[in-house]
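The values are calculated or read from the model by the stated rules, or taken from the named source; none is laboratory data. These numbers come from a predicted model, not from an experiment. Here Cβ is always computed from backbone atoms with ideal geometry, including for glycine, and neighbour counts include all displayed protein chains.
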Amino acid sequence: MIEFKTQLDAIAQKALNKMGMKKLIKIFIVFSLIIIGIGIFGVVIAEDNADKSTGIYLIIVGVIIIPILLILNAIGQRTVKKTSPFLQNPTKEIYRFTEDGIEHLQKRGESFFSQTKADYTYFYKVISTPTHYFMYIGANQCHVIDKTHITQGTCEELDAILTRKLPEGKFKKTKR
């Protein structure tokens with residue numbers, strides 16, 4: 001059995017956000033480069049000052065769009081942190097993995113307790129980073145498990161179980 005004792009809190013939310021932003025930053029960069037490219041093209045082939053002004057404007061927008069989007073994301077994450085009761089009063093979680101399946105226990109004070117038992121088909125996909133497991137139960141729902149909170153077994157044992165139990169391509173290990 002492999003067991004993790006962790007909590008659903010702002011640190012888990014931050015790790016999940018960072019994982020999501022890794023995907024989005026590539027899109028932001030491509031979009032920004034396209035806008036900058038159009039701006040440079042507009043400046044180079046400009047026939048008058050209005051065309052040059054438009055090209056310069058597009059270059060400026062292309063350069064500042066990534067910082068603006070990152071700032072908006074940070075503001076949105078702070079808002080989520082302030083308005084989500086489960087992040088302000090952390091929910092304690094225990095994850096137990098065996099050959100037969102997973103058991104997930106959650107408890108927050110005296111007001112909330114949940115127990116889930118499932119086989120590995122419960123997961124849509126699992127991504128293992130050097131620091132966390134991101135266990136997706138849907139395209140936009142994810143359990144975040146900090147690997148430093150392992151209390152029994154090893155991450156290598158869990159990796160072996162996930163490799164055996166999940167369909168091909170549903171368990172992915174990343175280096176970052």
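What to note about this one:
- Summed over segment 3-35, the residues that are under 24 Å from V61 (Cα atoms), touching a helix residue (DSSP H, G or I) at 6+ places or on another chain (Cβ under 6 Å) and β-branched (V, I, T) give a count of 1.
- Checked across segment 121-129, the condition of being within 24 Å of M21 (Cβ to Cβ), modelled with pLDDT of 90 or more and out of contact with any strand residue (DSSP E or B) (no Cβ under 7 Å at 6 or more places or on another chain) holds for at least one residue.
- Residues of segment 37-71 satisfying the condition of being free of Cβ contacts under 8 Å to residues at least 40 places away in the same chain, surrounded by 15 or more Cβ atoms within 10 Å (Cβ to Cβ) and closer than 30 Å to L16 by Cα: V61, G62, I65
- Complete set of residues in segment 72-130 that are touching a residue at least 24 places away in the same chain (Cβ under 8 Å), among the polar types (S, T, N, Q) and over 21 Å from I11 (Cα atoms): T98
- Filter pass, F4 being modelled with pLDDT of 90 or more, under 30 Å from I161 (Cα atoms) and aromatic (F, W, Y): yes
- When F97, F113, F123, F171 are checked against the criterion of being of a type in the set (A, V, I, L, M, F, W, C) and in contact with a Gly (Cβ under 8 Å, 6 or more places away or on another chain), a single residue qualifies: F97.
Yes/no per residue for (1) within 30 Å of Q152 (Cβ to Cβ); (2) of a type in the set (A, V, I, L, M, F, W, C):
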| site | (1), (2) |
| --- | --- |
| A74 | no, yes |
| P90 | yes, no |
| I94 | yes, yes |
| G109 | yes, no |
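- Residue in segment 8-23 that is part of a helix (DSSP H, G or I), buried (at least 16 other Cβ atoms within 10 Å of the Cβ), outside the structural domain of E99 (by TED's automatic domain parsing) and without any contact (Cβ under 8 Å) to a residue 40 or more places away in the chain present: no
- Listing of strands (runs of 3 or more DSSP E) fully contained in segment 72-167 that carry 2 or more residues being buried (at least 17 other Cβ atoms within 10 Å of the Cβ) and of a type outside the set (F, W, Y): 91-97, 102-108, 125-128, 132-138, 141-146
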